[in-house]
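This report refers to the structure that appears directly beneath it.
What follows is calculated from the coordinates using simple rules that are stated; it is not laboratory data. Keep in mind that this is a model prediction, so the values were computed, not measured. Cβ coordinates were reconstructed from backbone atoms using ideal geometry, including for glycine residues, and neighbour counts include every protein chain displayed.
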């Protein structure tokens with residue numbers, strides 16, 4: 001296999017831009033929150049600074065012993081009364097018993113002068129909390145204010161502006177996370193605009209798809225109240241991702257500047273503007289195309305593209321198989337004669353138990369494997385963004401980068417076969433149907 005398939009490129013990033021609302025994404029509803037403070041310690045456990053999944057490597061007896069010790073230490077350093085958690089600044093972190101994926105998290109916090117803390121998302125540090133007036137933290141950058149993604153190294157780690165209230169006063173914070181992408185609002189203003197939260201534990205890989213929320217404190221008293229959380233539906237998460245401005249920092253690199261907006265590729269129900277074996281496909285509603293069961297073939301939009309980004313949603317039936325044709329010449333098998341076929345596959349299905357890694361969803365088929373485990377459950381729409389620039393192909397699935405590789409620099413393909421089309425500089429974008437009723441909608445493109 002080609003190691004470049006999982007080594008995600010690190011280039012300079014574009015300046016962040018503001019999303020559609022100063023207080024949060026318009027796509028999200030304002031009801032259905034779970035109040036974690038109202039549940040007291042029953043919703044929480046103690047857990048230290050520890051990599052996600054560490055507990056899974058221990059015996060049940062070891063897990064129970066360590067958890068009992070953490071919980072005892074938690075009660076020594078944390079108290080709860082009338083819906084307010086108070087930390088003395090020491091001990092293990094206040095950690096949710098449940099794991100969370102894509103979330104809308106609301107909370108209020110205040111600290112004594114000089115205190116320091118953070119919010120771990122999916123057990124990963126961290127959204128920073130500190131006192132901007134503390135002179136001892138000047139070299140660390142506390143004057144920038146709270147809310148930044150402190151442990152990021154490739155992407156901006158400091159907030160857009162300092163919106164902290166003076167130490168001793170309550171602050172209101174909202175965190176929305178979809179995949180790796182995080183937006184933070186502090187006291188009614190945006191301070192982080194959809195920057196990826198990098199995986200502190202293994203920077204060669206993205207965040208895990210879910211994990212606990214943790215409140216870290218050290219150096220002084222910090223209080224938390226009105227901690228409310230709601231997991232996002234697939235439709236909400238997709239709408240959030242679609243609304244992120246094209247030039248916002250994302251992925252693990254930066255595409256060349258292109259047009260300001262994406263333009264629809266699928267309009268109407270007659271396939272106008274598309275070519276290929278259209279009889280093997282159907283257009284059940286405006287903006288949607290679906291492969292006919294037992295039929296298919298590669299259809300493509302009748303516009304030659306060089307460097308581009310495409311955004312789309314796809315829906316897989318159980319065991320569904322399809323593909324994205326990249327720089328397709330208009331005939332032949334795009335996995336070989338096109339630049340590549342990006343696999344679209346229910347790779348969790350039992351019929352694919354023997355898959356090669358280069359066949360996972362999002363892989364450049366036969367050439368470079370993607371990272372597995374970031375699809376939504378079968379029956380839910382997934383959001384995917386693909387960036388093609390020169391020989392580089394990046395795939396971001398549901399807000400997480402699962403492939404970032406330069407196909408022109410491959411010395412040996414993963415399947416050991418020739419892929420003569422991978423050096424193509426232009427071609428069509430399309431769908432490679434393989435007989436399963438896989439559907440696509442909201443397909444948009446912008447040229448770079």
Of 387, 59, how do they rank once you tally other Cβ atoms within 10 Å and put the fewest first? 59, 387
Give the Rg (one decimal place) followed by the Dmax (whole number) of the stretch 247-447, computed from C-alpha coordinates and expressed in Å. 15.4, 43
Given a Förster distance of 41 Å, the FRET efficiency implied by the Cβ-Cβ spacing of residue 112 and residue 378, rounded to the nearest 0.05, works out to 0.25
Based on the Cβ-Cβ distance from residue 349 to residue 86, what FRET efficiency comes out when R0 is 45 Å, to the nearest 0.05? 0.40
When 438, 368, 378 are arranged by how many other beta-carbons sit within 10 Å of their Cβ, fewest first, they go 378, 438, 368
Mind running the shape call on the stretch 18-235? Use the C-alpha gyration tensor, a ≥ b ≥ c as the square roots of the eigenvalues: rounded below 1.5 for a/c, prolate if a/b tops b/c, oblate otherwise. rounded
Helix-derived [θ] at 222 nm for the chain: sum -39500 (n - 2.57) over DSSP H runs of at least 4, divide by residue count, nearest 500? -2000 deg cm²/dmol
Can you tell me how the stretch 24-116 classifies by the Cα gyration tensor, rounded, prolate or oblate, using a/c under 1.5 as the rounded cut? oblate
Potential extension, residue 69-residue 267 segment - 0.36 nm per residue separation minus Cα distance: 65.3 nm
Can you tell me the relative contact order of the stretch 359-448? Whole percent, Cα pairs under 8 Å, sequence separation 6 or more. 22
Share of Cα-Cα pairs in the chain beyond 37 Å, in percent? 30
Report the label-to-label distance for residue 304 and residue 79 in nanometres (one decimal), using points 7 Å from each Cα along the Cα→Cβ vector. 7.5
At 1.002 mPa s and 20 °C, Stokes diffusion of the stretch 87-167 via Kirkwood alpha-carbon radius, µm² per second: 156
Take the alpha carbon atoms of the stretch 381-443, find their center, do the same for the stretch 119-174, and report the distance between the two centers in whole angstrom. 37
Taking only Cα atoms and a 10 Å spring cutoff, compute GNM fluctuations for the chain and point out the largest among 296, 391, 332. 332
Relative contact order (%) - the chain, alpha-carbon pairs under 8 angstrom, separation at least six: 19
Could you compute the FRET efficiency for residue 170 and residue 235, with r as their C-beta to C-beta distance and R0 at 35 Å, rounded to 0.05? 0.60
List 37, 340 from most exposed to least, where exposure is judged by having the fewest other Cβ atoms within 10 Å. 37, 340
